[in-house]
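Peer 1: Below is a structure I'd like to ask you about.
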Amino acid sequence: MAGSDLYKTLIFTINNILQQEKYKAALAVIKGFRNGAVYGAKIRAPHALVMTFLFRSGSLRDKVKAIAQATYTHSRNLACFVFTYKGLQTLQQRLQGKACQSHSFLAACLGGWLVFGENNNINSQINMYLLSRILFGLSRLAVEKGYIPQPKKDPFPLFAALVWGIVLWLFEYHPHTLQPSLQSSMSYLYHDSNVWHDISDFLVYNKPRAGAQK
């Protein structure tokens, strides 16, 4: 009974603290860390699972270890970035006495430098993912602000043509410039489909099983 009462008292105290406005900014930073960790794991785990079993060689143990490492790195980095970003944003607002658009930019710049500045496969993929999104966003914002005229026709077909034309040109003639995971995907699609020996590796397998081809 005493243990149950202690637990109820502890939960009541925690909930009371969570409801107090004076702690809201600090608690938002902590929850941001939590949400970053959870979201990073949810995003990376299934992606790493698929990509590892499709394209990575090695034992099952090596594959599981690679999936766990990729998931941990993505989850940790996103959690640390959210924590840093929200913390710096709150600090700037407290120092200046009001919220400004520059606070978001500066906090994210420093967080990006500290957390996503290391050149590795995970950070590279995340940064390139964001780059494509901000190019779209800046283009739409430029039209909304009147910096560029509203296109008379939908520019998306031209955009798609240029994206695919450039990426396949890079893959065919300068593949070292592309991210390894993209190279692997494109090799599977465009180069491996040029090679087969019989119906087994034409329809069933991408490549002949070990020992099947002499």
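Peer 1: Please state which of the following conditions Gly165 fails to meet, knowing it meets all the rest: (1) within 30 Å of Asn121 (Cα to Cα); (2) surrounded by 11 or more Cβ atoms within 10 Å (Cβ to Cβ); (3) not hydrophobic (A, V, I, L, M, F, W, C).
Peer 2: (2)
Peer 1: Something else: Tell me which of these Gln20 doesn't satisfy, since it passes every other one: (1) exposed (fewer than 14 other Cβ atoms within 10 Å of the Cβ); (2) under 20 Å from Leu182 (Cα atoms).
Peer 2: All conditions are met except number (2).
Okay, residues lined up against (1) part of a helix (DSSP H, G or I); (2) within 18 Å of Leu130 (Cα to Cα); (3) in contact (Cβ under 8 Å) with a residue 24 or more places away in the chain; (4) over 22 Å from the mean Cα position of the chain (by Cα):
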{"position": "Leu54", "(1), (2), (3), (4)": "yes, no, yes, no"}
{"position": "Gly58", "(1), (2), (3), (4)": "no, no, no, yes"}
{"position": "Lys65", "(1), (2), (3), (4)": "yes, no, no, no"}
{"position": "Gln69", "(1), (2), (3), (4)": "yes, no, no, no"}
{"position": "Ala79", "(1), (2), (3), (4)": "yes, yes, yes, no"}
{"position": "Val82", "(1), (2), (3), (4)": "yes, yes, yes, no"}
{"position": "Cys109", "(1), (2), (3), (4)": "yes, yes, no, no"}
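Peer 1: Next question, about the same structure. Hey, could you check the stretch 173-211 for residues that are small (Gly, Ala, Ser) and open to solvent by less than 100 Å² (accessible area, probe 1.4 Å) and say which is nearest to Met128 (Cα to Cα)?
Peer 2: Going through the qualifying residues, I end up with Ser181.
Peer 1: When Lys63 is evaluated against the numbered criteria (1) of a type in the set (D, E, K, R); (2) over 26 Å from Asn119 (Cβ atoms); (3) touching a Ser or Thr at 6+ places or on another chain (Cβ under 7 Å), which criterion, by number, is the only one it fails?
Peer 2: Result: Lys63 fails condition (2) only.
Peer 1: Right, Gly36: assigned to a helix (DSSP H, G or I) and more than 25 Å from the chain's Cα centre (by Cα) or not?
Peer 2: In short, no.
Peer 1: Further question: State all residues of the stretch 23-62 that are over 29 Å from Leu88 (Cβ atoms) and either in contact with a strand residue (DSSP E or B) (Cβ under 8 Å, 6 or more places away or on another chain) or open to solvent by 60 Å² or more (accessible area, probe 1.4 Å) (or both); if no residue qualifies, say none.
Peer 2: Pro46, Leu49, Val50, Phe53, Leu54, Phe55, Arg56, Ser57, Leu60, Arg61, Asp62 - these are the residues of the stretch 23-62 that are over 29 Å from Leu88 (Cβ atoms) and either in contact with a strand residue (DSSP E or B) (Cβ under 8 Å, 6 or more places away or on another chain) or open to solvent by 60 Å² or more (accessible area, probe 1.4 Å) (or both).
Peer 1: Another one. Of the conditions (1) surrounded by fewer than 12 Cβ atoms within 10 Å (Cβ to Cβ); (2) farther than 24 Å from Arg44 by Cβ, Trp113 clears all except one; give me its number.
Peer 2: (2)
Peer 1: Note down all Cβ pairs under 9 Å where the first residue falls in the stretch 27-39 and is touching a residue at least 60 places away in the same chain (Cβ under 8 Å), the second is open to solvent by 70 Å² or more (accessible area, probe 1.4 Å) and of a type in the set (Ser, Thr, Tyr), and they're at least six residues apart or on different chains.
Peer 2: So the pair list comes out empty.
Peer 1: Which members of the stretch 138-165 meet the condition of being on the phi > 0 side of the Ramachandran plot and in a helix (DSSP H, G or I)?
Peer 2: none
Peer 1: What is the residue count in the stretch 116-140 for residues that are touching a helix residue (DSSP H, G or I) at 6+ places or on another chain (Cβ under 6 Å) and either among the aromatic types (Phe, Trp, Tyr) or open to solvent by 100 Å² or more (accessible area, probe 1.4 Å) (or both)?
Peer 2: Final tally of qualifying residues: 1.
Peer 1: Of all residues in the stretch 60-101, which are touching a helix residue (DSSP H, G or I) at 6+ places or on another chain (Cβ under 8 Å), among the small types (Gly, Ala, Ser) and farther than 18 Å from Lys24 by Cα?
Peer 2: Ala66, Ala70, Ser75, Ala79
Peer 1: Would you check if there is a residue in the stretch 164-175 being modelled with pLDDT under 95, β-branched (Val, Ile, Thr) and either closer than 30 Å to Phe105 by Cβ or out of contact with any Asp or Glu (no Cβ under 9 Å at 6 or more places or on another chain) (or both)?
Peer 2: No, because not a single residue in the stretch 164-175 is modelled with pLDDT under 95, β-branched (Val, Ile, Thr) and either closer than 30 Å to Phe105 by Cβ or out of contact with any Asp or Glu (no Cβ under 9 Å at 6 or more places or on another chain) (or both).
The values are calculated or read from the model by the stated rules, or taken from the named source; none is laboratory data. No experiment lies behind these values; they were computed from the predicted model shown. Cβ coordinates were reconstructed from backbone atoms using ideal geometry, including for glycine residues, and neighbour counts include every protein chain displayed. Note: areas computed on protein heavy atoms with side chains; ligands, DNA, RNA excluded. Shrake-Rupley method; radii C 1.70, N 1.55, O 1.52, S 1.80 Å.
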